[in-house]
Structures are given as structure tokens and as C-alpha cells.
Amino acid sequence: KAGVTQTPRYLIKTRGQQVTLSCSPISGHRSVSWYQQTPGQGLQFLFEYFSETQRNKGNFPGRFSGRQFSNSRSEMNVSTLELGDSALYLCASSSGGTSNSYEQYFGPGTRLTVT
Amino acid sequence: AQSVTQLGSHVSVSEGALVLLRCNYSSSVPPYLFWYVQYPNQGLQLLLKYTTGATLVKGINGFEAEFKKSETSFHLTKPSAHMSDAAEYFCAVSDRGNNRLAFGKGNQVVVIP
């Protein structure tokens, strides 16, 4: 099975712009979660989508949003970028509905740099 | 809310020596517990997990961890360090039936030849 894929791998944006990141989960997985990783704050949960519905949400401002499509692919959007949004954004997928639903598999991440 | 404590951001270990990474969590009920490893410029790879049953769990690459409810701990060990073990290790917890992971700050492991 192919793993979790994230595109693009690297992005450079300017303050005030918006950005969209994409995540394709493992085939058959219905849950997609997003995490932000920074040197200062570490790994922080952004949100989780399951069957096109947001199921969990972390403590991030409304500038961070996401969605999930019927094929389970997910996108996250950050509007009005700030310097502090520079981070590695990780996507994780899990089956979401079986006995192994707690196992999350991570993609390689998208490195976002805001200048 | 769940929280995880990993002490010692950088851990140096000699090749062939024991690797011990400590993890303590705060939770009113036993959560699901995980250890992940991250190599440079890569995502996270699941090393092992505890959900229920046997408290000593074995994972990939010779790692194991023991869940101790009385100590709210889930320490990671490997009997003999290998150069390829140099990476960053994260302990994580989630509520049962919930995919929201809370991570510790991580341990950067350096293996000295």
C-alpha cells in the first residue's frame, strides 16, 4: 500500500498571503488529522476529519481551516499568513472505524516558510 | 487535557549501550500510548503502542516500552544502541477512542561511536 502523501513538500510564502496544503491518506483510511511542528511549540494537533466532517479541533485561530473530500483526501488552508506560521505541517491518516483506528500513519510533511 | 512529559531534550548514548527514554503522562484514565521516531526531513514513524492487555510492548527496531499505571509512565528502551538509532523520539497519548494525539517535546538521541 502506498503511504500518506503530502504536496507540496516545500513552500515559501509572504506574510499576508494564504496557502493550501494537500494530503492523500492511505487507501481505505477515512480519518485524516493535521499537526503543526515547530521548534518552539513542538507537535500540536490542528484538526481531524472523518468522512468529510471535522471531528476534532485543536486550539488554533480561525485562520487555520481544513476540509475533506469524498475520496478522503484532505486540504488545510491558512489565510493571512504570519511569520509564526512557519512550520512543518504533518498529515496523518487512520482507518477511523476499525479496531485499529487508533494507529495513525504520518506523511513526510510540508515545510512552510513565511517571509 | 492530556499532557506528556519527556525529560532531557538531548540524550547521548554510546553505541552498544542501553537506550532509555522516559515518558510520563497525565490522565485520569489510562490513555492510548505511543512512541514515534522522526528522522531528519521525514515524518513520524510509529515505533510501538499500548492500548490494552500486556503492559510490556515490543516494537520495531528492537525497541520496547512498559506501561506502568501506578507511575503514569511509558518509558522506551533498547538494550543496545546502534548508529542508525540517531533520531528524534516522541512519546504521545490520546484518549481512548480519539485520534487527537498530544505529544511530548521529544528526545534528540545522539549515538556516540
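The values are calculated or read from the model by the stated rules, or taken from the named source; none is laboratory data. These figures come from a predicted structure and were not determined experimentally. Positions of Cβ are generated from backbone atoms using ideal geometry, with glycine treated the same way; all protein chains shown enter the neighbour counts. The area values use the complete protein model at the heavy-atom level, side chains included, leaving out ligands, DNA and RNA. Shrake-Rupley method; radii C 1.70, N 1.55, O 1.52, S 1.80 Å.
With respect to A:Ser27, determine if the residue is touching a residue at least 12 places away in the same chain (Cβ under 8 Å) and either assigned to a loop (DSSP other than H, G, I, E, B) or not hydroxyl-bearing (Ser, Thr, Tyr) (or both).
In short, yes.
Report the residue count in the range B:21-46 for those that are surrounded by 13 or more Cβ atoms within 10 Å (Cβ to Cβ) and in contact (Cβ under 8 Å) with a residue 24 or more places away in the chain.
Number of matching residues: 17.
If I go through the range B:4-38 residue by residue, how many of them are away from chain A (no Cβ under 11 Å), in a strand (DSSP E or B) and of a type outside the set (Gly, Ala, Ser)?
10
Report, by residue number, each residue of the range B:56-86 that is more than 14 Å from every other protein chain (Cβ to nearest Cβ) and small (Gly, Ala, Ser).
Matches in the range B:56-86: B:Gly62, B:Ala65, B:Ser70, B:Ser73, B:Ser80, B:Ala81, B:Ser84, B:Ala86.
Which residue out of B:Asn41, B:Asn99 is assigned to a loop (DSSP other than H, G, I, E, B), within 19 Å of A:Ser33 (Cα to Cα) and not basic (Lys, Arg)?
Only one candidate qualifies: B:Asn99.
Select from the range B:47-66 the residues that are buried (at least 16 other Cβ atoms within 10 Å of the Cβ) and farther than 28 Å from A:Gly107 by Cβ and list them in ascending order.
Once the filter is applied, which keeps residues that are buried (at least 16 other Cβ atoms within 10 Å of the Cβ) and farther than 28 Å from A:Gly107 by Cβ, the range B:47-66 yields nothing.
All but one of (1) loosely packed, with under 12 Cβ neighbours inside 10 Å; (2) within 11 Å of chain B (Cβ to nearest Cβ) hold for A:Gly42, so report the exception by its number.
The number of the failed condition is (1).
Can you confirm whether the range B:71-81 contains a residue that is farther than 22 Å from A:Phe47 by Cβ and touching a Ser or Thr at 6+ places or on another chain (Cβ under 8 Å)?
Yes, some residue in the range B:71-81 is farther than 22 Å from A:Phe47 by Cβ and touching a Ser or Thr at 6+ places or on another chain (Cβ under 8 Å).
Filter the range B:67-78 for residues that are of a type in the set (S, T, N, Q) and under 11 Å from the mean Cα position of the chain (by Cα); which is most open to solvent (accessible area, probe 1.4 Å)?
The selected residue is B:Thr77.
Being touching a helix residue (DSSP H, G or I) at 6+ places or on another chain (Cβ under 9 Å) and in a strand (DSSP E or B) is the filter here, so list the residues in the range B:44-63 that pass it.
B:Gln45, B:Leu46, B:Leu47, B:Leu48
Please go through the range B:84-111 and give me each residue that is within 17 Å of B:Ala65 (Cα to Cα) and touching an Asp or Glu at 6+ places or on another chain (Cβ under 8 Å), ordered by number.
Matches in the range B:84-111: B:Gly106, B:Asn107, B:Val109.
Search the range A:82-115 for residues being at pLDDT 95 or above and facing another protein chain (nearest Cβ under 7 Å), and hand back the single one that is surrounded by the fewest Cβ atoms within 10 Å (Cβ to Cβ).
This residue is A:Pro108.
Quick test of your reading of the structure: B:Ala81 fulfils all but one of (1) surrounded by fewer than 17 Cβ atoms within 10 Å (Cβ to Cβ); (2) in a loop (DSSP other than H, G, I, E, B); (3) of a type in the set (Gly, Ala, Ser). Name the failing condition by number.
Only one criterion in (1) surrounded by fewer than 17 Cβ atoms within 10 Å (Cβ to Cβ); (2) in a loop (DSSP other than H, G, I, E, B); (3) of a type in the set (Gly, Ala, Ser) is unmet by B:Ala81, namely (1).
Quick check on my filter: what residues within the range B:94-113 are away from chain A (no Cβ under 11 Å) and open to solvent by less than 50 Å² (accessible area, probe 1.4 Å)?
Residues satisfying the conditions are B:Asn107, B:Val109, B:Val111.
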